[in-house]
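Colleague: For reference, the structure I am asking about is given below.
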Amino acid sequence: MKTVDTTQHYRFETLPLPLHQLCRFGEKLAVYIKSGDVLLLHGELGTGKTTLVQCMALGLGISDDQYVSSPSYALMHEYEGVNMSIYHMDLYRLNDADDVEAAGLLDYFNEKGACIIEWPDRLGRACPENHLNVTLVEAEPANRKIYLQPHGPDWIERIPQLRKLCAEFQNL
Ligand SMILES: Nc1ncnc2c1ncn2[C@@H]1O[C@H](COP(=O)(O)OP(=O)(O)O)[C@@H](O)[C@H]1O
Ligand SMILES: [Mg+2]
């Protein structure tokens, strides 16, 4: 039986979350991530994109000595988890797909790890079909709402998990 309509656009959201809850959300989201995934983190400066990656890294068993810091100056940091790597990219300083390609970042869209990308609008035509949009919005100074929008068959098939995750953060 078909349970999801692949032609529809899905969007799941949380309540406005304080920092510790956003971190819990990141740890739980990380459980659903696999090698080859691409997550696009949207949101203004200071909405918690880097913070969310840090919490996802915790969820993937990345040890404290591989602490995830903002990669703004390095473009990409690789973190080795127990089962897979995270390629954490910050494209803020790049302009477009040509820049992303010239920096060699497209090579990381591979099966060895998951790419989690800040300022993903810079990808332009290099944006893969399968991706999860994660949008952070500052609802109040100390609270952030999170929206998940799956795109492409890889993510459409994980809709039940994404729906369940957000539902958990609708009833706190
Ligand atoms: N509810 C919250 N969720 C995430 N970050 C929060 C929250 N409340 C306050 N903050 C603070 O906001 C800042 C977010 O910074 P950062 O993660 O670097 O943002 P970005 O990568 O989006 O620019 C951190 O200093 C964090 O402690
Ligand atoms: Mg950041």
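The values are calculated or read from the model by the stated rules, or taken from the named source; none is laboratory data. Every value quoted in this text rests on a predicted model; they were computed, and no experiment measured them. We place every Cβ from the backbone using ideal geometry, glycine too, and count neighbours over all the protein chains shown.
Colleague: Which condition from (1) surrounded by fewer than 16 Cβ atoms within 10 Å (Cβ to Cβ); (2) of a type in the set (A, V, I, L, M); (3) at pLDDT below 95; (4) within 16 Å of ligand 1 (Cβ to nearest atom) is the one that residue 86 breaks?
Modeller: Of the numbered conditions (1) surrounded by fewer than 16 Cβ atoms within 10 Å (Cβ to Cβ); (2) of a type in the set (A, V, I, L, M); (3) at pLDDT below 95; (4) within 16 Å of ligand 1 (Cβ to nearest atom), the odd one out for residue 86 is (1).
Colleague: For residues that are surrounded by 18 or more Cβ atoms within 10 Å (Cβ to Cβ), more than 19 Å from residue 78 (Cα to Cα) and among the aliphatic types (A, V, I, L, M), tally how many sit in the stretch 11-46.
Modeller: Result for the stretch 11-46: 2.
Colleague: What's the total number of residues in the stretch 1-56 that are among the basic types (Lys, Arg), away from ligand 1 (no atom under 16 Å from the Cβ) and touching a Leu at 6+ places or on another chain (Cβ under 9 Å)?
Modeller: Counting residues in the stretch 1-56 that are among the basic types (Lys, Arg), away from ligand 1 (no atom under 16 Å from the Cβ) and touching a Leu at 6+ places or on another chain (Cβ under 9 Å) gives 1.
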